[in-house]
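Okay, structure first, notes after.
Every number in this text was worked out from the coordinates using simple rules, so none of it is lab data. Here the structure is a predicted model, which means the values were calculated and not measured. Methodologically, a virtual Cβ is constructed for each residue, glycine included, from the backbone with ideal geometry; neighbour enumeration extends over all protein chains shown.
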Amino acid sequence: MLQGNATGVVFFDFNDAFGSVNRVKLLYKLRNDFHISGRMLMFLIQFLSDRKARIKVNGLIGEWIESLVGMSAGTILGPILFLTHVHDIIYSFIKAE
């Protein structure tokens, strides 16, 4: 039995994690935390801008709509950008103490 010790548990729900990324915050982190600038930053801004999405359910495909948040999980850059977006998540828990 633990006496006088605290135990913490953190649960992550990555359901649609790629779709919940705030692109403005991601670009801020890329610039300030990873020091990405110049042509690479411009490429990433272009990559994340003017995105469209549609839903497919039971073989039915919806209309294309403008996507203002998130990124495509089906791209090569998607997982890399997601990891850069969550790289500092531990600091959210440290500050909470």
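Tabulated data
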| quantity | calculated |
| --- | --- |
| Over the chain: helical MRE at 222 nm, DSSP H runs n ≥ 4 each giving -39500 (n - 2.57), nearest 500 | -11500 deg cm²/dmol |
| Helix 38-48 axis, angle to the chain major axis (alpha carbon atoms, nearest 10°) | 80 degrees |
| Relative contact order computed over segment 21-97 (Cα-Cα under 8 Å; 6+ residues apart), in percent | 33 percent |
| P(r) histogram, all alpha-carbon pairs of the chain included - 5 Å bins from 0, percent | 2, 10, 18, 19, 15, 11, 9, 6, 4, 2, 2, 1 |
| Long-range amide H partners of Arg51 with built H, under 5 Å | Ser67 |
| For the chain, size of Cβ-based charge dipole, Lys and Arg +1, Asp and Glu -1, in debye | 300 debye |
